[in-house]
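Single-structure report; data block below.
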Amino acid sequence: VVSPVTLQLNAPDRQSATLAVNLALPLSDTHADYAALMLANHLLGGGGDSRLWNRIREKDGLSYSVHSSIRWNGEEPHSHWTAEANFAPQNRDKVLAAFHEEINRARQEGFTQSEFEAGKRGLLSFRRLGRAQDQRLAPAWVSNLRLQRTFALSAQVDRNLENLTLAQVNDALRRYIEPDKFVVGVGGDFKKP
């Protein structure tokens, strides 16, 4: 287990800076909370209309990009939630503040019913489209063969997503995305003007 920490890497003369956040999750992709946390992440930072994107990129105009994802482990309960943002170095403190504010707001207030419904439709469409594209289907076949699975598991995950409630998604976010356990790194040219 890695202890929570904030690290800064000075990279002189870089035009942009990067925020990288990592959080270990004691889950695998067969855990009962898999679908709920997948959707919570989609709403928080994984989708095109996510909270982090809307706040940091669209509303505040602080970053070139911002997103979060989960690297699910199919073999053992050791997955990782990650988040990244690229921004002008002078925006570092504002990006960090907005990032933490938006995560804390989502945890405290939860997602809305309309966010939940739109996000669920979007995530299900994304999953179905992925299974219709060769460049995503082939690696999925290989992974299934290695893990001795079939696409019946993907179909079950889709059913689980369809049957989720807003309360389950908000609960998963609060239980697993814990800011006080983040490993945070920022890199860039942060010299004062």
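The values are calculated or read from the model by the stated rules, or taken from the named source; none is laboratory data. Bear in mind that the values here come from a model prediction, so they are computed numbers and not experimental data. Positions of Cβ are backbone-derived with ideal geometry, glycine not excepted, and every protein chain shown enters the neighbour counts. Protein only, heavy atoms only, side chains kept; ligands, DNA and RNA dropped before computing areas. Shrake-Rupley method; radii C 1.70, N 1.55, O 1.52, S 1.80 Å.
Each DSSP beta bridge with both residues in the chain is either parallel or antiparallel, and the antiparallel ones are about 80%. On the chain, 52 percent of the accessible area sits on carbon and sulfur atoms, based on a 1.4 Å probe.
Taking 7 Å steps out from each Cα toward its Cβ at Gln113 and Ala32 produces label points 2.7 nm apart.
Calculated FRET efficiency, Asn104 to Leu129, Cβ-Cβ distance, R0 = 30 Å: about 0.40 to the nearest 0.05. The largest-to-smallest principal axis extents of the Cα set in region 1-106 are 43, 29, 20 Å.
How would you classify region 24-82 from its alpha-carbon gyration tensor, with a ≥ b ≥ c the square roots of the eigenvalues: rounded for a/c under 1.5, else prolate if a/b is greater than b/c, otherwise oblate? Taking the square roots of the gyration eigenvalues as a ≥ b ≥ c, region 24-82 is prolate. Relative to the Cα centre, the charge distribution of region 14-116, modelled as +1 at Lys and Arg Cβ and -1 at Asp and Glu Cβ, gives a dipole magnitude of about 440 debye. Near Lys191, which lysines are there with a Cα under 23 Å away, not counting those fewer than 8 places off in the same chain? Once the sequence-local lysines are set aside, what remains near Lys191 is Lys94. Counting only Cα atoms, the size of region 125-192 along its three principal axes is 53, 33, 24 Å, in decreasing order. Kindly express, to the nearest 10 degrees and within the range 0 to 90, the angle between helix 92-109's C-alpha long axis and the longest C-alpha principal axis of the chain. The helix 92-109 is inclined about 40 degrees to the chain. Magnitude of the charge dipole for region 94-193, about its Cα centre and with charges confined to Cβ atoms of Lys, Arg (+1) and Asp, Glu (-1), is about 320 debye.
When Rg and the Kirkwood radius Rh are both evaluated on Cα atoms of the chain, their ratio Rg/Rh stands at 0.99.
Taking every Cα-Cα distance in region 51-160 and sorting them into 5 Å bins starting at zero, the pair-distance distribution P(r) comes out as 2, 9, 14, 18, 17, 14, 12, 9, 3, 1 percent.
Helical content alone sets the calculated 222 nm signal of the chain at -13000 deg cm²/dmol, taking -39,500 (n - 2.57) per DSSP H segment of four or more residues and averaging over every residue. Of interest is the spacing of the C-alpha centroids, which for region 56-71 and region 123-180 amounts to 22 Å. Rolled with a 1.4 Å probe across the full set of protein chains, the surface gives Phe116 an accessible area near 0 Å². Accessible surface computed residue by residue for region 84-193, with neighbouring protein chains in place and a 1.4 Å probe, gives 57 Å² per residue. Specify the angular offset, from 0 to 90 degrees and rounded to the nearest 10, of the alpha carbon long axis of helix 113-130 from the longest principal axis of the alpha carbons in the chain. Once rounded, one gets 70 degrees. Descending by average beta-carbon neighbour count within 10 Å, the peptides 88-94, 183-189, 8-14 line up as 183-189, 88-94, 8-14, the highest first.
Computed across region 2-47, the Kirkwood hydrodynamic radius from all distinct Cα-Cα pairs reaches 13.8 Å. One chain, two ends: Ala167 and Val142. Fully extended at 0.36 nm per residue, the span grows by 5.5 nm beyond their Cα-Cα distance.
A Gaussian network model of the chain, with springs between Cα atoms under 10 Å, assigns the largest mean-square fluctuation among Leu153, Leu164, Leu39 to Leu153. Only Lys, Arg, Asp and Glu carry charge here, each on its Cβ (+1 for the first two, -1 for the last two); on that basis the chain has a dipole of about 220 debye about its Cα centre. Only protein heavy atoms count here; on that basis, with a 1.4 Å probe, Arg131 has an accessible area of about 70 Å². Residue ranking by accessible heavy-atom surface, 1.4 Å probe, largest first, among Glu115, Glu102, Glu58, Glu84 comes out as Glu58, Glu84, Glu115, Glu102.
Taking θ as phi - 60° and the Karplus parameters 6.51, -1.76 and 1.60, the scalar couplings of region 38-44 work out to 4, 6, 4, 5, 4, 6, 6 Hz in sequence order, x denoting glycine and proline.
Using the Cβ-Cβ distance between Ala97 and Thr150 with R0 set to 30 Å, the FRET efficiency works out to roughly 0.05.
Of all the options Asp180, Asp171, Asp33, the one that moves most in a Gaussian network model of the chain with Cα springs shorter than 10 angstrom is Asp180. A quarter of the convex hull surface defined by the alpha-carbon atoms of region 82-136 gives 5.8 nm² as the mean projection.
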